[in-house]
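The structure under discussion appears below in the form of structure tokens.
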Amino acid sequence: MAKGTVLVVDLDGTLLRSDMLHESFWSAFARDWMTPFGAIKALGAGKAALKSYLAAKSDIDFATLPYDAEVVQRVKDWRAAGGKTALVTATHQSLADGVGAELGLFDDVIGTQAETNLKGAAKADRLVSLYGEGGFIYMGDHAADVAIWKHAAKAITVNASGATRAAVRCSGEIEHLDTLKPSLRPYMKAIRPHQWLKNILVFLPILAAHQVTFGSFFTSLLAFISFSLIASSVYVTNDLLDLAGDRAHPRKCKRPFAAGTIPIRFGGTMAGGLLAAGCLTAALLGWQFFLVMIGYYVLTTAYSLYLKRRLLVDIIALACLYTVRILAGAAASGLHLTVWLLAFSVFFFLSLAAVKRQAELVDGIKAGKAKAHGRGYEAGDLMMVAMMSISAGYTSVLVMALYLNSPAVTQLYKSPSVLWGICIVMIYWLSRMAMMTHRGRMHDDPVVFAAKDKVSLSCFALIFCIALIGKFF
């Protein structure tokens, strides 16, 4: 390549395994729930105005963005050989400057300003005016870059679609760079099917009432499917709203949107599609179940946008979200929930919610952080949160013990006294969960931890066996 040729690199989808327009939208939305309304108003003045609005409202951590390591290395190699580099992008200038300052690899950083959206033909004209016809190599990924490549000395596509590759025209060499392998695995990971385990709680009302029939089981199964679809929609939305927090976390940074293994522009479509499918399934089960699901979605959205950052409120909200699954099961099957089951559920899930926060604080302390990212807790709160977990858990066992002395148990079980063994097992399991969390061995979600933990699974099996013995022997 001729000496003096500039290596020009696009940002979205090329240098970055994400899109800064979407990054800035979700960052701004996480900070202010009114953002979508402001974005619509700004869009009325053009896309450049929208980008300016979102750039001003967002708070992007440029250090943790998912940069494409292979593209970054190309830029480093070019500079090491004495070449000049430029980051030229349709992203707003302020955000482009942030990326440029973070990487320190570019001689020029040029982004969208004022009323001109620097994309396609507009970007091509800018590059030709700066570096001359054929005076630059261009690395891009989008169909809009076809207008630029025809003026370049060399075209380099990065993870471009087949149609885009076929449309590339260049006076010099054309190189196709693939740094990502197409796979459905990240999409499955994003909807978190392992988290559907929590939704088994919708079966609890028919089990607790000893009303397991084909009809009640089928109804509960539909409720499980609806809850799983809507919950997955929530998980996707939450991941988009919490990109900065996930990227700062030692394990959550590997989530698909945080790591850039799924294009962030697909996130909204995924969340909307899952929500629509879940609501359609919910509608089949009647208006009561549908209203419960709407309530769940409203509460969990409020949690994602605001409640999770409020001290103690977040733990209570999490406990309620677990309990709503039981309410949904009752609404679907038409069964009445007893005060005993509701009281047990509230305290039991309050314990698990506190364990979740305790685990995050332990991880943060190990990483040397004084506060939990995006939460209302400080490192010094660890002991209090741990006490909440243990006390709420033991209270749930107390509720269970009181229930075992109620007349209803005598009617439902042949040997009620055997059921006291369940209380002993629960005390052991809750205490062990607290100990594992204290030692930093707890997963981000205690339910996921329990599903993979052999000791926990053994405890659940033992509880099931004790319940069977109490029922039939």
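The values are calculated or read from the model by the stated rules, or taken from the named source; none is laboratory data. Everything numeric in this text was worked out from a predicted model, so none of it was measured. Ideal geometry is used to build each Cβ from the backbone, glycine not excepted, and the neighbour counts take in all protein chains shown. With ligands, DNA and RNA removed, areas are computed over all heavy atoms of the protein, side chains included. Shrake-Rupley method; radii C 1.70, N 1.55, O 1.52, S 1.80 Å.
So, V409, is that one modelled with pLDDT under 95 and open to solvent by less than 10 Å² (accessible area, probe 1.4 Å) or not?
yes
Output yes when any residue across region 434-441 is under 16 Å from F348 (Cβ atoms) and assigned to a helix (DSSP H, G or I), and no when none is. I'd like the intermediate steps shown before the answer.
So the first thing to find is which residues in region 434-441 are under 16 Å from F348 (Cβ atoms), and the list is 434, 437.
Okay, now just the ones that are also assigned to a helix (DSSP H, G or I), so 434, 437.
Looking through region 434-441, at least one residue is under 16 Å from F348 (Cβ atoms) and assigned to a helix (DSSP H, G or I).
Considering each residue of region 261-289, count those that are open to solvent by less than 40 Å² (accessible area, probe 1.4 Å), farther than 15 Å from F224 by Cα and among the β-branched types (V, I, T), and give that number.
2
Select, from A231, A244, the only residue that is modelled with pLDDT of 90 or more, small (G, A, S) and in contact with a helix residue (DSSP H, G or I) (Cβ under 8 Å, 6 or more places away or on another chain). If you could, list the steps in order and put the result at the bottom.
Numbers: A244 fails: modelled with pLDDT of 90 or more.
Checking each option against the conditions leaves just A231.
Would you mind stating whether L204 is touching a Gly at 6+ places or on another chain (Cβ under 7 Å) and either at positive phi or surrounded by fewer than 22 Cβ atoms within 10 Å (Cβ to Cβ) (or both)? Even if it seems obvious, please write down each step before you answer.
Values: touching a Gly at 6+ places or on another chain (Cβ under 7 Å): yes; either at positive phi or surrounded by fewer than 22 Cβ atoms within 10 Å (Cβ to Cβ) (or both): yes.
So L204 passes the test.
Out of the residues in region 61-75 meeting the condition of being assigned to a loop (DSSP other than H, G, I, E, B) and out of contact with any helix residue (DSSP H, G or I) (no Cβ under 6 Å at 6 or more places or on another chain), tell me which one is nearest to M20 (Cα to Cα).
The initial filter retains those residues of region 61-75 that are assigned to a loop (DSSP other than H, G, I, E, B), namely 61, 65-66, 68.
Restricting the remaining residues to those that are out of contact with any helix residue (DSSP H, G or I) (no Cβ under 6 Å at 6 or more places or on another chain) gives 65, 68.
Details: L65: 10, D68: 14 Å.
Restricting to residues being assigned to a loop (DSSP other than H, G, I, E, B) and out of contact with any helix residue (DSSP H, G or I) (no Cβ under 6 Å at 6 or more places or on another chain), the top hit is L65.
Among the residues of region 440-459, which ones are exposed (fewer than 14 other Cβ atoms within 10 Å of the Cβ) and without any contact (Cβ under 8 Å) to a residue 60 or more places away in the chain?
R441, K452, K454, V455, L457, S458
Which helices (runs of 4 or more DSSP H) does region 121-200 wholly contain that include 2 or more residues that are open to solvent by less than 30 Å² (accessible area, probe 1.4 Å) and either among the aliphatic types (A, V, I, L, M) or over 28 Å from M270 (Cβ atoms) (or both)? Spell out the reasoning first.
Numbers: elements: 121-131, 146-149, 162-167, 185-191.
Result: 121-131, 146-149, 185-191.
Answer with yes or no whether A317 is in a helix (DSSP H, G or I) and modelled with pLDDT of 90 or more.
On the way: in a helix (DSSP H, G or I): yes; modelled with pLDDT of 90 or more: yes.
For A317, the condition - in a helix (DSSP H, G or I) and modelled with pLDDT of 90 or more - is met.
Residues that are outside any helix (DSSP H, G or I) and either open to solvent by 30 Å² or more (accessible area, probe 1.4 Å) or aromatic (F, W, Y) (or both): does region 290-301 have at least one?
Of all residues in region 290-301, those outside any helix (DSSP H, G or I) come to none.
Scanning region 290-301, I find no residue that is outside any helix (DSSP H, G or I) and either open to solvent by 30 Å² or more (accessible area, probe 1.4 Å) or aromatic (F, W, Y) (or both), so the answer is no.
With the checklist (1) over 23 Å from R251 (Cβ atoms); (2) at pLDDT 90 or above in hand, flag the one item S417 doesn't pass.
(2)
If you check every pair at least six apart or on different chains, which have Cβ atoms under 7 Å apart with a residue in region 152-170 that is within 17 Å of I137 (Cβ to Cβ) and in contact (Cβ under 8 Å) with a residue 12 or more places away in the chain first and a residue that is assigned to a helix (DSSP H, G or I) and among the basic types (K, R) second?
T157/R165
Being assigned to a helix (DSSP H, G or I) and open to solvent by 20 Å² or more (accessible area, probe 1.4 Å) is true for just one of K471, K414. Which residue is that?
Result: K471 is the single residue among K471, K414 that is assigned to a helix (DSSP H, G or I) and open to solvent by 20 Å² or more (accessible area, probe 1.4 Å).
List pairs: first in region 341-358 and more than 12 Å from Y322 (Cα to Cα), second basic (K, R), Cβ under 8 Å, 6+ apart or cross-chain?
Between residues of region 341-358 that are more than 12 Å from Y322 (Cα to Cα) and residues that are basic (K, R), the close pairs are R357/R375.
Evaluate the following for G46: is it out of contact with any Cys (no Cβ under 6 Å at 6 or more places or on another chain), open to solvent by less than 40 Å² (accessible area, probe 1.4 Å) and on the phi > 0 side of the Ramachandran plot?
Details: out of contact with any Cys (no Cβ under 6 Å at 6 or more places or on another chain): yes; open to solvent by less than 40 Å² (accessible area, probe 1.4 Å): yes; on the phi > 0 side of the Ramachandran plot: yes.
Answer is yes for this residue.
Residue-wise test of (1) closer than 20 Å to T269 by Cβ; (2) more than 24 Å from the chain's Cα centre (by Cα); (3) not basic (K, R).
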{"site": "L15", "(1), (2), (3)": "no, no, yes"}
{"site": "D19", "(1), (2), (3)": "yes, no, yes"}
{"site": "H22", "(1), (2), (3)": "yes, no, yes"}
{"site": "A28", "(1), (2), (3)": "yes, no, yes"}
{"site": "R31", "(1), (2), (3)": "no, no, no"}
{"site": "M34", "(1), (2), (3)": "no, no, yes"}
{"site": "A39", "(1), (2), (3)": "yes, no, yes"}
{"site": "L43", "(1), (2), (3)": "yes, yes, yes"}
{"site": "S52", "(1), (2), (3)": "no, yes, yes"}
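Listed here are the residues, each with its yes/no results for (1) surrounded by fewer than 23 Cβ atoms within 10 Å (Cβ to Cβ); (2) in a strand (DSSP E or B); (3) acidic (D, E).
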| residue | (1), (2), (3) |
| --- | --- |
| A30 | no, no, no |
| Y53 | yes, no, no |
| D77 | yes, no, yes |
| V88 | no, yes, no |
| S94 | yes, no, no |
| V99 | no, no, no |
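Does region 212-255 hold any residues that are surrounded by fewer than 16 Cβ atoms within 10 Å (Cβ to Cβ), in a helix (DSSP H, G or I) and under 13 Å from the mean Cα position of the chain (by Cα), and which are they?
Correct list: C253, K254.
Looking at G376, G368, G364, which one is open to solvent by 10 Å² or more (accessible area, probe 1.4 Å), of a type in the set (G, A, S) and without any contact (Cβ under 8 Å) to a residue 12 or more places away in the chain?
G368
Just one of (1) part of a helix (DSSP H, G or I); (2) surrounded by 15 or more Cβ atoms within 10 Å (Cβ to Cβ) trips up P36, so point out which.
The single condition P36 does not satisfy is (2).
Scan region 310-323 residue by residue and report those that are open to solvent by 20 Å² or more (accessible area, probe 1.4 Å) and either of a type in the set (S, T, Y) or under 16 Å from V292 (Cβ atoms) (or both).
C320
In region 101-120, which residues are in contact with a strand residue (DSSP E or B) (Cβ under 8 Å, 6 or more places away or on another chain), in a loop (DSSP other than H, G, I, E, B) and under 23 Å from T179 (Cβ atoms)?
Residues satisfying the conditions are L105, F106, K119.
Would you call M388 assigned to a helix (DSSP H, G or I), open to solvent by 90 Å² or more (accessible area, probe 1.4 Å) and under 24 Å from G440 (Cα atoms)? If you could, list the steps in order and put the result at the bottom.
Working: assigned to a helix (DSSP H, G or I): yes; open to solvent by 90 Å² or more (accessible area, probe 1.4 Å): no; under 24 Å from G440 (Cα atoms): yes.
No, not satisfied.
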